[in-house]
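All of the numbers you see were taken from the coordinates with simple rules; none came from a lab. Please read all numbers here as calculations on a predicted model, not as lab measurements. Here the Cβ is made from the backbone with ideal geometry for all residues, glycine too, and neighbour counts use every protein chain on show.
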Amino acid sequence: MTKPTHMVELRDVYMQFEEKKILDDLSLRVEPQERLVVMGQTGSGKSTILRLILGTLRPNSGSIFFKQFEITRLQRRKLQAVRQHMGMVYQYSALLSSRNVRDNVALPLEELTDKSRAEIDKIVDEKLELVGMKDSKDLLPEELSGGMRKRVALARALVLEIISLSETAKVTSITVTHEMDSAFRIGTRMAMLYQGKIIEEAEPEEFKQSKNPVVAQFLSGSTEGPILEGSLDAITKK
């Protein structure tokens, strides 16, 4: 098998959960220092791509590479060593001492999206509840134990699903989202995931002008188009 020259490559990846097909012979490459954004509806398989790259999931078939390492073939100890070069953005970052728990978790949403205060508060509460820290949202980092700080950092990582792949001072990132405003702020290249396949890849401005009817409908938030009617509520409207 040919070794890749890319930072990350998914090659002919097929993933199925029970009877549901998630990824259908998907191939995707990420170049060094590139900020790739994978867009798609809720439940389209975006988060699955991240978990496959991290090696927390194994595909039914296909290969996943990080630099020269084939993630799908690594033993646990070697995989853990490779993961030291990967991380969820914000997960391992220090909390800001001047901000309370709620404001620390809200930070990426405030900086990278145009969501309203009510929307941000709702997301923050959901993620804090998920990690068991909702009752501590008004505390400052200095008032938390080490374990509590880690849980707050995890909640902050969960509000935007991003993998950062670092190599010295150079950073390659993969972001998965259906939040279009933040996507176009972050990305140097955009990809659209639909029905298990990447149906469009382009630089941000070119992507916005896509003639693909699925991409055009997704970006416009229209209810008219090829996207399945039952999934229309997953389209983020501008």
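Brief remarks follow.
- Exposure proxy ranking for 46, 122, based on other Cβ atoms within 10 angstrom of each Cβ and starting from the fewest, stands as 122, 46.
- Burial order of peptide ranges 73-80, 61-68 (average beta-carbon count within 10 Å, highest first): 61-68, 73-80
- Pairs beyond 27 Å (Cα-Cα), from 20/208; 122/150; 46/67; 134/197: 20/208; 134/197
- Fewest-first sequence of 203, 9 by Cβ atoms within 10 Å of each Cβ: 203, 9
- Note on residue 224 and residue 77: the extension gain reaches 48.0 nm, defined as 0.36 nm multiplied by sequence separation minus the Cα-Cα distance.
- Cβ-to-Cβ counts within 10 Å put 111, 201 in ascending order as 111, 201, the fewest first.
- Ranking 105, 152, 140 by Cα position along the charge dipole of region 101-159, where only Lys, Arg, Asp and Glu carry charges on their C-beta atoms, puts 152 farthest toward the positive end.
- The charge dipole of region 1-145, taken about the Cα centre with unit charges on the Cβ atoms of Lys, Arg (+1) and Asp, Glu (-1), comes to about 800 debye, rounded to the nearest 20.
- Amide H contacts under 5 Å for residue 8, placed H, 5+ residues apart: 30, 67
- The peptide list 140-149, 47-56, 214-223, put in order of mean Cβ contacts within 10 Å with the highest first, becomes 47-56, 214-223, 140-149.
- Those GluC sites (Glu not before Pro) in region 12-85 that DSSP places in a loop and that have at most 16 other beta carbons within 10 Å: 18, 19
- Electrostatic tally near residue 29: other residues with Cβ closer than 11 Å to its Cβ, Lys and Arg +1, Asp and Glu -1, net -2.
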